[in-house]
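Structure first, then comments.
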Amino acid sequence: MSNSVQSHTFQTASDDVTVPAGSSSVASDSAAPGSVNPSESIGSASSSPSKPVVSSHSTVDQSRWSAKRIAIYALFVAVAIALTFVEVPIFPAAPYLKYDPSIVMCIIAGFTFGPSAAAIVSVLSFVPHLFTNPFGAIIAILVALLMSVPAAAVYRRKRTIGSAVLGLVLGTVLATAGAVVGNLIITPLYNPAITVSAVVGLIVPVLLPFNILKAVINAVISLALLRPCTRLLANDAD
Amino acid sequence: MTTSEANAATLPLPNAPTVSATTSTATPSTQPAAQPTAQPTAVACLRNVTFRHGTRTVLDNLDVTIHDGEWVAIMGSNGSGKTTLSRLLSGLTAPDNGSVQLMGLDCFTPVSGVNLDAYRAARRNIGLVQQNPEDQIVTTVVEDDVAFGPENQGLPAHTISERVHDALARTGMEGEALSDPDDLSGGQQQRVAIAGTLALHPRMLVLDEPTAMLDPQGRAETLRTMKMAHDHGTTIVQVTHIASEARLASRVIELDNGSIIYDGPAEGCNLCKPAAAQVSVPPSDAAPASKQSTDTTPGLPAGPSAQPAMPSTSASCDDSSCDDASQRGIVFAVKNVSFRYPNADAFTLRNIDFTVTQGEFVTITGSNGSGKSTLLSLLSGINKPTQGTVRAWGCDPHSRKGKRQLLGRIGYVMQMPERQLFETTVAQDVAFGPTNLGLNSVSVNQRVHDTLETVGISKLADRSPWELSGGQKRLAAIAGVLSMDPDVLLLDEPTAGLDARACHRIIGLLDGLHRRGVTIVVVTHDPDRFRTVATRTFHLDTASSGSAGNISDTDLSQTNVQSEHKQHKQQQHGKRRRNAHRLVSRMDTRVLEIVCTIMMAGMFTVTSPLQLAWAFIGVLTAMCLTDAGARRIMASCKSLFAIILVLGLFNVFFVRTGSAICHIGTIPITDEGLRNAVLYSLRFALVIVIGATAVSAASTTRLTDATESLLSPLARIGVPIHECALIMTLAIRFLPIISREFTQLAHAQASRGGNISTGSPSKRLKAAVSLLVPVFALALRHAEHMGTAMESRGYESGIVRTHWHQSHPGAADLCACIGVALWLAGLIAIPQLW
């Protein structure tokens, strides 16, 4: 059980093509002793990482909010925000209904850093949107939280693909429910003439499949990313 | 560029105390016994220090002492431990054994290990500068970034002001104090980073290859700044591989495989000798020297052509090779093309005519900002010309139809293509392209095998891409494009950032491909490298608006496309004025946020046209009272109004009450439906406008600070408000960087056939993975550097930070509150009275 920080330096390959110290293009070539142990979480014992901890070269207090952790969360948020602008049509019947992969980032943050990370990334990623479309942003935050936090909590107990799937199923159910309920509450605020029962009658048949589809896509992509991302983080910590 | 290089080389040697007799050039094992206390003038003292990483020993029993006021250069080949040593000296990492004394404090002892308090205290006097300029700047305003360090140290606001202005003055960046760092060149950003460390008044400055990614001008600026700091008495420790830089030092330490093999004056060091260039091993597969001499255009320009005022022109071929070329097919036809980036005022390319015929090897050259990368992006279909036409084999590479027809024929290798690697093994990554082409698995495997052979990396087939060296990664990425068997290969700076051997390897590969009939177009700032293999050079002049700016050649901190985009964006964005004039812009941001939230909530009481009118008057007044002005705010909302239109239409179909006006199919359009739609759409539009007003009246930094301040009571119950505020600030800072990298990545993967919008679900999933894994890797890399930068500037969990900008509610806020209260009163009163 270690909250320690690992360090790493240049990785060199003894093959023909080498890179001078000046090259910056490669993650493994840039030396940065000290990085984050991905399984840290508030207070509680961290689940053991897949690789053994070698030795700690840390010179800072390794409580929860190290500078590196803040930086990583910030980059997750930046990527998530960037991804909200990637819009993909997923319903051939309704090409104006678009999907964006930003919630995948929240889920991956949750898997790799724990439920509180998922919560933070979920909320902060949509804060800028609060200024442009406040209700849409609130629903988006709700959906992101319900998708990523439960999944992360389940995965934290047992770090296997099986529990990841389980967590994501749970997240899908909760997120879809949240989306429907959220829309029930909020749509009448856009237009008082639309009563709750009207929403139930007419919108739910559209909302439900659309949100389930989005959640399923998020889950599938997150599962596909789980292993490579975990490996990248472990590499980083080497 | 050569003059600035000469300037750098002739900076006089700093006045450093002579090398102390205790530093040794002998091997560590013959060191005299370690002294328990360091000399009074030593700022850093490492004794018997060993650093292990896994099973590998990075530093072996090292003894180093750095004295006050010295200028030390640390040199050595890749993997020799230079960076680890720099981290040990800056107090950011601790060894496995030995003893470390920094600033006279015992930070690490064999007996008790790490002393966190000593390290913290020592770090207050040591600054670190890394090689990526943009990964060290934490926020979107230069002066706010410089203030980050002093804020971490809890200094009072007036002290922070002094420190910030002093640091900016010393680095010559006062003029850019209010600029967005994203608009600055690499050299300027590095100076800002240095200013950020100088604001803490460090006694020692450790710089890890600070000029590695900069162009000669940026390099000269950085070295000048370092010299200035050194003259002020700061000790300089610089990790470098550039001989001319090392010669500025009074003392050079050379590392090899974790041990010091030389420690003495610069004159004595082999690596510093002027004649000792970079490792320049003659390639075993050297291309025959004079292959292209008969084909080469006589007008190969040695430098930029005569008239800088003229728009980009071409050195078109006009000799006998053209006649031959016209018999062969024309691959690319660029006719009278001009291109302007969406946000830019000026044109990057103007009236370009350019053709590529089959079998050529063309290098496109020109200084940064001249548009060479942009031209390549037009050829590959990433961008569409603003005027004129680009055709590839007669097809438009930008149109959807053209992309379908051209799939697999044009191979596009982006700048730093290793960023596109995403699969578990090299072979799988190379298989991505052919699989997207629809080949069956047998053909795919054959292609992969053949391509790896051609590129010469067959033995890397089952390795993970993340384990490879930089040069190997690049070859793997190129293989990923080659496996599609393209007829044309477009490459953007394929040799950037690689050493001589790796460059030769790549050039040899391109030459071999060329001989096999592949048409090759290379964008490069170093045409000499390709002189023996290229058939023609197309030179782009600087456009008249162009690289008079501060971004120039070989600035590796940004890609060509970024700097070309920046050139023209810079003219457009004025800097923020320091003093706000109008009422809303002068408000305390916290009050602004509260007031806006109340107004947004108030909008939802609007149910009648009269209320709507009243509300509109209020919002219009507010908009006019901002510095930005109503027009600008409305303009910023226009894309959002589209959503509102959709909602409005939705409403029209929804409400069935009232009398029908007409029918669309079986759905009646009623008068009440229309009334509803208009009313509530406008209502929502006003909500958005209120939000936009808040955003334009205060910068994102101020908004984040204000929200943090308003929510700070929550911190007492355990909600990490302050950390989240910092996360938000950093995220906003990195957003443009990540967006750009993501866009480039998307183009690269798209040109390999990856498409998330069309195709079978499994293909779309793979395409999504091909985008998200690399962007995740990029995010980690940025975070790594940023975390180190923050730590070196005193950020630690649990510290109490002060804020430089403190605002207090004043008269403007009172007026605003009164105004909003009146407005609300009106909103509520109207339905009662009418």
Inset, instruction - For B:E221, B:E70, B:E267, B:E467, give the ranking by accessible area with the largest first, probe 1.4 Å. - result: B:E267, B:E467, B:E221, B:E70
Inset, instruction - Determine, from the Cβ-Cβ distance of B:T425 and B:S762 and an R0 of 22 Å, the FRET efficiency 1/(1 + (r/R0)^6), rounded to the nearest 0.05. - result: 0.75
Inset, instruction - Go through B:T535, B:T524, B:V337 and say which Cα lies farthest out towards the positive end of the charge dipole of the range B:330-553; charges sit on Cβ, +1 for Lys and Arg, -1 for Asp and Glu. - result: B:V337
Legend entry - Exposure ranking of B:F347, B:F422 by accessible area [1.4 Å probe, largest first]: B:F347, B:F422
Legend entry - B:I330-B:S797 pseudo-label distance in nm [points 7 Å out on the Cα-to-Cβ vector]: 6.4
Inset, instruction - Please compute the net charge surrounding B:A461, taking Lys and Arg as +1 and Asp and Glu as -1 over other residues with Cβ under 11 Å from its Cβ. - result: -1
Legend entry - trypsin sites (Lys or Arg not before Pro) restricted to the range B:464-528 and DSSP loop, no more than 11 other C-beta within 10 Å: B:R516
Legend entry - Inter-label distance, nm, simple model (7 Å from Cα along the C-beta direction), B:R400/A:I185: 3.9
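Report relative contact order for the range B:474-528 in percent, whole number only (criteria: Cα-Cα under 8 Å, sequence separation at least 6).
Values: 36 pairs, mean separation 27.1, N = 55.
This gives 49 percent for the range B:474-528.
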Inset, instruction - Could you order B:W466, B:W834, B:W614 by accessible surface area, starting with the largest, using a probe radius of 1.4 Å? - result: B:W834, B:W614, B:W466
Legend entry - Förster radius 56 Å - calculated FRET efficiency between B:S458 and B:I643, Cβ distance, rounded to 0.05: 0.60
Legend entry - Cα convex hull volume per residue for the range B:92-214 (Å³): 105
Inset, instruction - Evaluate the charge dipole of the range A:56-232 about its Cα centre and quote only its size in Debye, nearest 20, assuming +1 on the Cβ of each Lys and Arg and -1 on the Cβ of each Asp and Glu. - result: 640
Inset, instruction - Mind listing the long-range amide H neighbours of B:Y412? Cut-off is under 5 Å, sequence gap 5 or more, other chains count too, H placed in the peptide plane at 1.01 Å from N. - result: B:L490
Inset, instruction - Enter the buried accessible area of the B/A pair, total of both sides, probe 1.4 Å, in Å² rounded to the nearest 100. - result: 8600
Legend entry - Interface residues, the range B:697-738 - accessible area loss of 40 Å² or more versus chain alone, probe 1.4 Å: B:E723, B:C724, B:I727, B:M728, B:A731, B:L735, B:I738
Legend entry - Taking the range B:330-553 and dividing mean pair separation by its residue count, relative contact order in percent (alpha carbons under 8 Å, at least six apart): 31
Legend entry - Residue-by-residue Karplus 3J(HN,Hα) for the range A:210-218, coefficients 6.51, -1.76, 1.60, Hz, glycine and proline x: 5, 6, 4, 4, 4, 5, 5, 4, 4
Legend entry - Amide H contacts under 5 Å for B:H53, placed H, 5+ residues apart: B:V58
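Roughly how many percent of the accessible protein surface of the range B:42-272 is carbon and sulfur, given a 1.4 Å probe and a whole-percent answer? Display every interim value, and only then the final one.
Numbers: 2760 of 5960 Å².
Using a 1.4 Å probe with all protein chains present, the range B:42-272 comes out at 46 percent carbon and sulfur.
Tell me the trypsin sites (Lys or Arg not before Pro) within the range A:124-160 that lie in a loop according to DSSP and have at most 14 other beta-carbon atoms within 10 Å.
Passing sites in the range A:124-160 are A:K158.
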Inset, instruction - Can you check what the net charge comes to around B:R251, using other residues whose Cβ is under 12 Å from the Cβ of B:R251 (Lys, Arg +1; Asp, Glu -1)? - result: -3
Inset, instruction - Add +1 for every Lys or Arg and -1 for every Asp or Glu among the other residues with Cβ under 12 Å from the Cβ of A:A224, and state the total. - result: +2
Inset, instruction - State the Cα centre-to-centre distance between the range B:332-404 and the range A:136-174 in whole Å. - result: 45
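Please quote Rg/Rh for the range B:41-162 to two decimal places, taking the Kirkwood radius as Rh and restricting both calculations to Cα atoms.
Result for the range B:41-162 is an Rg/Rh of 1.01.
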Inset, instruction - Please work out the FRET efficiency for the pair B:R409 and A:I90, using the Cβ-Cβ distance as r and a Förster radius of 22 Å; give the result to the nearest 0.05. - result: 0.15
Legend entry - Pairs from B:K335/B:K384; A:K98/B:K384; A:K98/B:K763; A:K214/B:K763 whose Cα-Cα separation, in the structure shown, is over 20 Å: A:K98/B:K384
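The values are calculated or read from the model by the stated rules, or taken from the named source; none is laboratory data. Please read these numbers as outputs of a predicted model, since none were measured by experiment. With ideal geometry, Cβ positions are generated from the backbone for all residues, glycine too; neighbour counts draw on all protein chains shown. Note: accessible area is taken over every heavy atom of the protein model, side chains too, but ligands, DNA and RNA are not part of it. Shrake-Rupley method; radii C 1.70, N 1.55, O 1.52, S 1.80 Å.
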